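*Asks:* Input: one structure, supplied below.
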Amino acid sequence: MSDDIPARVARLLHHRKAGLVLGDPIVPPVVLSTTFHLPAAQGASHYYARSGTPTWDSVEAQLSLLEDAETVIFPSGMAAISAALLVTLRAGATVVIPSDGYYVTRLFGRDVLAAYGVTVREVPTVELAGADFAGVDVVYLETPSNPGLDVADIRAVASRARAAGARIIADNTTMTPLLQRPLDLGCDLVVAADTKAPAGHSDALFGHVSGRDSALMDRIREFRRQSGAVPGPFEAFLVHRGLETLELRLSRMCATAGLIAGRLAGHSRIRGLRYPGLADDPAHGIARRQMADFGFLIGFELADEAAAEAFLAACPLIDQATSFGGVHSAAERRARWGDRVAPGFLRLSVGIEPAETLWSAIAAALDVAG
Ligand SMILES: *Cc1c(COP(=O)(O)O)cnc(C)c1O
């Protein structure tokens, strides 16, 4: 992690201060107006809400601080991902996407990009660092991958992709800019679903694209204006509030995940355990080099579908829900969405419950699941 992260977190909490005048609210107002006072055509900071609003500005300022890059916000992670791909690709281009990444990104490749004349190649995350990128225009990676938690060496993939003339886009959803910094490791764009840990309370869909090439970021911003993929002001407010506690929540979530993963490792009913923080996890070596902490997601298998469902039903401190990164621990069988995983595979998102209390509930439910 860059050493300046604590300073950035502190600045994030006070980012509005320099712009305040006497009597201004400390918390950014939710500005619902779609239209702004505009007596002359030039020079207004806002003119129509599809192009920008004061509430968006507050969140973009926070995310720009964390990413150390220009940021354009979107109404969901998929809106951010589709914007980044549609802006960097065109008919006749080739994109490499992970075969084991977020499944809707793969569907977008298959149903939208392919229909517009883009060749979509799927490569497993663990094979990306050695893949042949000749003729590839965009390499898209997601690490740790969702849900398998395989890790790609971002610096190695980015430098090989760049040598082949490709742009590199990283989906950093599972890590957030506090735990992993793909732009520092050579990527051109970072995309993320802020629906997850950044919003943090499972009550707002949101996403962003960040990058350090202003001409490219201008195209992303213009794409948002032309496609109309714009976040609502209330969601922006919720994400602004979520980002203020992101560092605090992540430190609890990662610490608890490390503790639980370590205990699951010694449990007789668990197979296929994946957590990049475990010393014997296949991803551990690269994870140590490029991640500031090992995250809050754990993957493991129980004997079969019935055992996995019985475990989930028996644990009162795990929500049976999709998505991750919220304050409540949550888990689900990913096979139900068609992910290429075993029927008894669970992805557990560790929340902010007190660690030992959560572990006791998990241990008891594992006994029931038999
Ligand atoms: C959830 C998720 C997305 C999509 O985000 P939405 O806000 O649901 O559109 C994209 N990538 C990853 C890795 C995700 O986990």
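The values are calculated or read from the model by the stated rules, or taken from the named source; none is laboratory data. What you see is a predicted model; the values in this text were computed from it and never measured. Ideal geometry is used to build each Cβ from the backbone, glycine not excepted, and the neighbour counts take in all protein chains shown.
*Asks:* Being acidic (Asp, Glu), at pLDDT 95 or above, more than 16 Å from the ligand (Cβ to nearest atom) and in a loop (DSSP other than H, G, I, E, B): is that true of Asp184 here?
*Replies:* yes
*Asks:* Can you go through Thr94, Thr176 and tell me which one is within 29 Å of Ser251 (Cα to Cα) and in contact (Cβ under 8 Å) with a residue 12 or more places away in the chain?
*Replies:* Working: Thr94 fails: within 29 Å of Ser251 (Cα to Cα).
Going through Thr94, Thr176 in turn, just one is within 29 Å of Ser251 (Cα to Cα) and in contact (Cβ under 8 Å) with a residue 12 or more places away in the chain: Thr176.
*Asks:* Ile260 - would you say it is among the aliphatic types (A, V, I, L, M), crowded, with 16+ Cβ neighbours inside 10 Å and not assigned by TED's automatic domain parsing to the domain that holds Val350?
*Replies:* no
*Asks:* Kindly check whether there is at least one residue in the stretch 293-307 that is within 16 Å of the ligand (Cβ to nearest atom), in contact with a His (Cβ under 7 Å, 6 or more places away or on another chain) and not aromatic (Phe, Trp, Tyr).
*Replies:* No, that holds for no residue.
*Asks:* Another one. So if I check each of Ala287, Ala255, Ala314, which one is outside the structural domain of Ala83 (by TED's automatic domain parsing) and within 17 Å of the chain's Cα centre (by Cα)? Quick ask: steps written out before the conclusion?
*Replies:* On the way: Ala255 fails: within 17 Å of the chain's Cα centre (by Cα); Ala314 fails: within 17 Å of the chain's Cα centre (by Cα).
When all the criteria are applied, what remains is Ala287.
*Asks:* Of the conditions (1) within 12 Å of the ligand (Cβ to nearest atom); (2) more than 29 Å from Phe237 (Cα to Cα), Met175 clears all except one; give me its number.
*Replies:* Checking Met175 against (1) within 12 Å of the ligand (Cβ to nearest atom); (2) more than 29 Å from Phe237 (Cα to Cα), the one that fails is (2).
*Asks:* Further question: Taking the stretch 350-369 as the region of interest, how many residues are touching a residue at least 40 places away in the same chain (Cβ under 8 Å) and in a helix (DSSP H, G or I)?
*Replies:* Residues in the stretch 350-369 being touching a residue at least 40 places away in the same chain (Cβ under 8 Å) and in a helix (DSSP H, G or I): 12 in total.
*Asks:* May I pose another question? Say we look at the stretch 100-123 and pick out the residues that are at pLDDT below 95 and hydroxyl-bearing (Ser, Thr, Tyr); which of these is farthest from the ligand (Cβ to nearest atom)?
*Replies:* Going through the qualifying residues, I end up with Tyr103.
*Asks:* Name the single residue that is nearest to the ligand (Cβ to nearest atom) among those in the stretch 68-86 being assigned to a helix (DSSP H, G or I) and buried (at least 21 other Cβ atoms within 10 Å of the Cβ).
*Replies:* Step by step, filter the stretch 68-86, then rank; the result is Gly77.
*Asks:* For the stretch 328-368, name all the residues that are in contact with a His (Cβ under 7 Å, 6 or more places away or on another chain) and under 21 Å from Pro144 (Cβ atoms).
*Replies:* If the condition is that a residue be in contact with a His (Cβ under 7 Å, 6 or more places away or on another chain) and under 21 Å from Pro144 (Cβ atoms), then Gly351 is the only one that fits.
*Asks:* Moving on to the next point. Are there any pairs, at least 6 apart or on different chains, whose C-beta atoms fall under 6 Å, with the first in the stretch 60-71 and within 18 Å of Leu238 (Cβ to Cβ) and the second acidic (Asp, Glu), and if so, which?
*Replies:* Hits for this filter: Thr71/Glu60.
Residues are listed down the side, and each one gets a yes or a no for (1) part of a helix (DSSP H, G or I); (2) surrounded by 15 or more Cβ atoms within 10 Å (Cβ to Cβ):
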{"site": "Asp100", "(1), (2)": "no, yes"}
{"site": "Arg110", "(1), (2)": "yes, no"}
{"site": "Arg121", "(1), (2)": "no, yes"}
{"site": "Ala129", "(1), (2)": "yes, yes"}
{"site": "Asp132", "(1), (2)": "no, no"}
{"site": "Pro144", "(1), (2)": "no, yes"}
{"site": "Ala152", "(1), (2)": "no, yes"}
{"site": "Ala156", "(1), (2)": "yes, yes"}
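*Asks:* If you take the residues in the stretch 203-238 that are away from the ligand (no atom under 11 Å from the Cβ) and within 25 Å of Cys254 (Cα to Cα), which one is nearest to the chain's Cα centre (by Cα)?
*Replies:* Checking each candidate, the answer is Val209.
*Asks:* Filter the stretch 242-291 for residues that are within 19 Å of Ala303 (Cβ to Cβ) and of a type in the set (A, V, I, L, M) and give the result.
*Replies:* Listed by number, the residues that qualify are Leu264, Ala265, Ile270, Leu273.
*Asks:* Across the stretch 326-366, what is the total count of residues that are modelled with pLDDT of 95 or more and either hydrophobic (A, V, I, L, M, F, W, C) or not assigned by TED's automatic domain parsing to the domain that holds Phe311 (or both)?
*Replies:* Residues flagged as modelled with pLDDT of 95 or more and either hydrophobic (A, V, I, L, M, F, W, C) or not assigned by TED's automatic domain parsing to the domain that holds Phe311 (or both) within the stretch 326-366 amount to 17.
*Asks:* In addition: Only one of these conditions is not met by Ala355: (1) within 30 Å of Leu243 (Cβ to Cβ); (2) within 16 Å of the ligand (Cβ to nearest atom). Which number is it?
*Replies:* In the conditions (1) within 30 Å of Leu243 (Cβ to Cβ); (2) within 16 Å of the ligand (Cβ to nearest atom), Ala355 misses (2) alone.
*Asks:* A further question on this structure: Any idea which of (1) surrounded by 19 or more Cβ atoms within 10 Å (Cβ to Cβ); (2) assigned to a helix (DSSP H, G or I); (3) out of contact with any Cys (no Cβ under 9 Å at 6 or more places or on another chain) is the one Leu346 doesn't satisfy?
*Replies:* Leu346 satisfies every listed condition except (2).
*Asks:* OK, next. Quick one: Gly326 ticks every box in (1) surrounded by 21 or more Cβ atoms within 10 Å (Cβ to Cβ); (2) not in a loop (DSSP other than H, G, I, E, B); (3) not aromatic (Phe, Trp, Tyr) except a single one, so which number is it?
*Replies:* For Gly326, the failing item is (2).
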